[in-house]
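Below you'll find the structure, written out as structure tokens, and then a few comments.
The values are calculated or read from the model by the stated rules, or taken from the named source; none is laboratory data. Everything quoted here is computed from the prediction, not taken from an experiment. Backbone-built Cβ (ideal geometry, glycine too); neighbour counts: all protein chains shown. Side chains are part of the model used for accessible areas, which takes the heavy atoms of the whole protein and leaves out ligands, DNA and RNA. Shrake-Rupley method; radii C 1.70, N 1.55, O 1.52, S 1.80 Å.
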Amino acid sequence: MSTQPPPDPGPLLELSMSFWGAKAILSAVEIGVFTALAADRCTTEELRTRLGLHARGARDFFDALVALGALDRDGNGRYLNTPAARSYLDRGQPGYLGGWLEMVNTRLYGYWGNLTEALRTGQPQNEIAQGGPDLFETIYGDPERLRLFLRGMTGVSTGAAIEIARRFPFQRYRTFVDVGCAEGALPAQVGLAHQHIMGGGCDVAPVGPVFDEYMAGHGLGGRLRFHAGDFFTDPLPAADILAMGHILHDWDLSQKLSLLKKAYDALPDGGVLIVHEALIDDDRRRHAFGLLMSLNMLIETPAGFDFTGADCQGWMREVGFRSTRVEALVGPDSMVIGVK
């Protein structure tokens, strides 16, 4: 008979119930907890009253956020934001991630309840499963949903955009266009960091007013402009550098290759394509976020999937890029750089 103690079930229990913590954070963003604490610390009663919450669950809710690492509590029992929450979950901060989390809360949280069905059928579980239009028709056909989606893309992209602007040698180039730009998080960060860069962003026409508003808010309206077009049917804008962020994973392999080839054709000799995504690690063992994002593509799209850096490098070489490399950015994102 073995004298070894049984394995600790705690990690499995925590993993299996991790949706509890996820929903607590999502609801905190929805309610505005972190924004409410931006100016000053609050007691339980002060914060509960400020947010309009019932007394029964408020203390447990706030203390759960402390235990999860999203809030802190001082020696006088007053709640305050952690440094990360202050930077990324306060609506007044430029690095606000909540746009993405608001979209997750509004759309994805419910659809992920049907993951088992998606795994059995290989079919999306969003509006399509309910007989509605696909993801992009749904989003782009509704101005309110479109703004929520675009704000979400800004939230999930801003950290990587800051790193790309900081680390890539833009000083060697003159023009830059972000393909599938959404609000324009990446063009804005590049434009702010590199005063000589001209260019802008490319997306479908309904995005244009939102992009222009975002650029104007960053003082870049006269330098970075919007190019309207469908990147599958229209030529890509010409530039020294093109970027595709969180774009390729929406599509099947043939569509991925088509977009990479269009980028290659639009670039001059020596031009660069930057693809940034939540890449899966090459061994497919460690980067859970990238793998789960790929399952999100199963939920959301007919044939999209995420990929490794090695996958993307191979596809780039297949369409003609002469050199490629992968560089980690921030959080789950990395960029794959292809030189024509």
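A count restricted to the range 161-195 and to residues that are polar (S, T, N, Q), closer than 24 Å to residue 232 by Cβ and under 20 Å from the mean Cα position of the chain (by Cα) stands at 0. Scanning the range 266-287 for residues that are open to solvent by less than 20 Å² (accessible area, probe 1.4 Å) and outside any loop (DSSP other than H, G, I, E, B) turns up 272, 273, 274, 275, 276, 277, 280.
For the range 312-330, the condition holds for at least one residue, the condition being that it is touching a helix residue (DSSP H, G or I) at 6+ places or on another chain (Cβ under 9 Å), assigned to a helix (DSSP H, G or I) and within 27 Å of residue 95 (Cβ to Cβ). Residue 81 falls short on exactly one of the conditions (1) touching a residue at least 60 places away in the same chain (Cβ under 8 Å); (2) surrounded by 19 or more Cβ atoms within 10 Å (Cβ to Cβ); (3) of a type outside the set (Asp, Glu); (4) under 28 Å from residue 16 (Cα atoms), and that condition is (1). Looking across the range 52-72, the residues that are touching a residue at least 24 places away in the same chain (Cβ under 8 Å) and not in a helix (DSSP H, G or I) come down to 68, 70, 71.
Taken residue by residue, the range 160-172 has at least one member that is open to solvent by less than 10 Å² (accessible area, probe 1.4 Å), out of contact with any strand residue (DSSP E or B) (no Cβ under 9 Å at 6 or more places or on another chain) and closer than 24 Å to residue 336 by Cβ. Filtering 92, 75 for residues that are open to solvent by 20 Å² or more (accessible area, probe 1.4 Å), part of a loop (DSSP other than H, G, I, E, B) and farther than 30 Å from residue 289 by Cβ leaves a single hit, 75.
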